Every structure is written in structure tokens, then in C-alpha cells.
1. Would it be correct to say that Arg184 is more than 30 Å from Lys136 (Cα to Cα), of a type in the set (Lys, Arg) and modelled with pLDDT under 95?
2. Please enumerate the residues belonging to region 118-149 that are surrounded by 15 or more Cβ atoms within 10 Å (Cβ to Cβ) and not in a helix (DSSP H, G or I).
3. State yes or no: is Tyr200 crowded, with 18+ Cβ neighbours inside 10 Å and modelled with pLDDT of 95 or more?
4. Would you say Ala70 is over 23 Å from Pro288 (Cβ atoms), out of contact with any helix residue (DSSP H, G or I) (no Cβ under 7 Å at 6 or more places or on another chain) and exposed (fewer than 14 other Cβ atoms within 10 Å of the Cβ)?
5. Search region 106-119 for residues that are free of Cβ contacts under 8 Å to residues at least 60 places away in the same chain and pair each with any residue that is assigned to a helix (DSSP H, G or I) and hydroxyl-bearing (Ser, Thr, Tyr) when their beta-carbon atoms are under 8 Å apart and the residues are at least 6 apart or on different chains.
6. Go through the residues of region 242-252 one by one and say whether even a single one is in the same structural domain as Ser279 (by the TED database), of a type in the set (S, T, N, Q), at pLDDT below 95 and crowded, with 17+ Cβ neighbours inside 10 Å.
7. Within region 46-72, how many residues turn out to be of a type outside the set (Gly, Ala, Ser), under 19 Å from the mean Cα position of the chain (by Cα) and assigned to a helix (DSSP H, G or I)?
8. State the number of residues belonging to region 79-108 that are part of a helix (DSSP H, G or I), more than 11 Å from the chain's Cα centre (by Cα) and within 24 Å of Leu164 (Cα to Cα).
Amino acid sequence: MTSQANKMTMRSATLPLLSALSVLGLAACSGAKQEIKPTPVVQAPVQVRETTAEEHQYAGVEALKANDLAKAKQELSKALAKDAKLLIANYDLGFIAQAEGDLETAAGRYRAVLEVAPDHEATILNLGMVYRDQQKYEEGIALYEKAVEQRPFDVNYLNNLAVLYRLAKRFDEATETVRKLLSRTKDNPDAYKNLALIAYDQNKLSLAAFVAGNAVKLDEKDPGVYNNLGLVYMKQGERRLALAQFKKAVALDADFAPGHANIGAMALSYRDYETAAASFEKVVKLDPTNANA
């Protein structure tokens, strides 16, 4: 906030001088020196303005942008102490908790957001993924099914719903959800990744390899498609081909935790403990919720 200074012109004030006679006369009348006591000055108490909830929230958002998570949590928590229903503060604290692997706190924050904004897409998607990581698949399915009722062809909702159907071993519903998605967007690589994993989980390896190959063609820069293809090769016993795919995945994205996890698992099976340890250390750093690492 910028402030402007006021220019004030100072004028000298001329006080009338008392004549020497008047002063002498006053002294003669009093007969003694007068003691002049200063008038006490009473200062008004300084009013300190209290920081608002919105100001704490703004400070927290700025700290999060600067990746200062400690300050972000402190400011956002102060904001919620003043107003528990602030959407951004709850969402950002949920996001931080999820990234740190504190899934219970993350879920609570996201639910608080949905109480205020039931259709907030990012919160619905993230909460569903928290339920996935907590293995609360049915809760996640219920959340996404409700979202799909409102937006039947939302790409993100359908893809995430298919993930949870697959993990809950509801393969027919998972397949149907992906087909519904592909009926509208035939070139969605996430849909093919999901379809490949659905086939993989049912041990339909030829179909899984075919679908995963299509996913690679659709998005050659997506590490997930190579990771999925590597999983198929692993199950087919093609270990060298599998390792090559996992290495492609992490070459495209050094922060792709599943690729590092699979490289670590393969290294462990070869008794290459140094590579395994290095890979698992990366996984723990990138994905604190990964219990296998």
C-alpha cells in the first residue's frame, strides 16, 4: 500500500512580549517565585489492528508458492482459527498434508472444502485419490459416482472412477467406464492406460500389451504409458524389455515415483542392492505414502 506525505507550511507564531514593568509588577504582587507545573500529557493507547483471516490465508498461499511449507501451514492454520470455512486455506492444507503422506488430515481438509463448495473439482479428485491411497476404494467410488451424476462425461472423473473400480476388482464396471470415456474422447492416453491395467489385472496380457502400445503412440512423453508397458513385459517374463520401459519412464520424468519403484524392485531381484536402495530412497522422497518402498 502506497501512502503520500502531506506537505505542511510552517509559520512562525509571534507572541506579544510583556513589558518589564508588567513582569516586575507581577513579581512584586506575588512576593515569591511561582512554580510552574507542566500539564501532564495523556497519550491515547496505540490501536493495533488485528490480522484478518483473509490476510493470513493470502500469506499462506504466498508461502506455499515459495515452497515454504512450514510458514504456509502456520499462516493457513491461523486463517482457519478465525474462519473455519475458508475454502482456499482448507484446500491448501489438505494438499500439503496429502503431499506429506498425512492422509487422514488431508481427507478432513478436503471434506471441509466440499461442505462449502460441493462441486469443487480439484478437491473431489484429490479426495478420491486420498481414499485410493487409504485403500478405501468404495468410499472413493461413491464420491466419484456422485460427481459423474452431475457431469457424466468429465474426463478426469471417469478416469479416476475407472482406477478405483479396477482396484476394487470391479472389472466390468471399470471397463464400461473407460468405454464410456472413449466414446467421447478416442485419443485420451489415460483411458488406454487404465484399460491396459484392467486387462493386466485380469491376466489378459496380450490385450494389455496391445492397449499399452496404443497409449504410447498417443502420448510418447507420458512416463506412465512406458511404466504400464513395462509391467506387462514383467508379467510376460520379458525382464530386459520391462527394465527398458521403466528406464524410459524415469528418463522422461525424474520425479516419476512408480518408475523408480519398479527399477528398485527389479534391482532387488538381481541382488543389485546399491541400485535398489537408491531407487527406493527416491520413491520415499517423492511418494511418502508408498509403504512398499
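1. When the stated conditions are applied, Arg184 does not pass them.
2. Step one: list which residues in region 118-149 are surrounded by 15 or more Cβ atoms within 10 Å (Cβ to Cβ), which gives 120, 123-134, 136-137, 139-141, 143-145, 147-148.
Residues satisfying the conditions are His120, Gln134, Lys136.
3. Details: crowded, with 18+ Cβ neighbours inside 10 Å: yes; modelled with pLDDT of 95 or more: yes.
The answer is yes for Tyr200.
4. No: the conditions fail for Ala70.
5. Pairs that qualify, where the first residue is free of Cβ contacts under 8 Å to residues at least 60 places away in the same chain and the partner is assigned to a helix (DSSP H, G or I) and hydroxyl-bearing (Ser, Thr, Tyr), are Ala107/Tyr131; Arg109/Tyr91; Tyr110/Tyr91; Tyr110/Thr123; Val113/Tyr91; Val113/Thr123; Leu114/Thr123; Ala117/Thr123.
6. Within region 242-252, none of the residues are in the same structural domain as Ser279 (by the TED database), of a type in the set (S, T, N, Q), at pLDDT below 95 and crowded, with 17+ Cβ neighbours inside 10 Å.
7. Count: 10.
8. Qualifying residue count for the region: 5.
The values are calculated or read from the model by the stated rules, or taken from the named source; none is laboratory data. Quantities reported herein were computed from a predicted structural model and do not represent experimental measurements. Cβ: placed from backbone, ideal geometry, glycine included. Neighbour counts: every protein chain shown.
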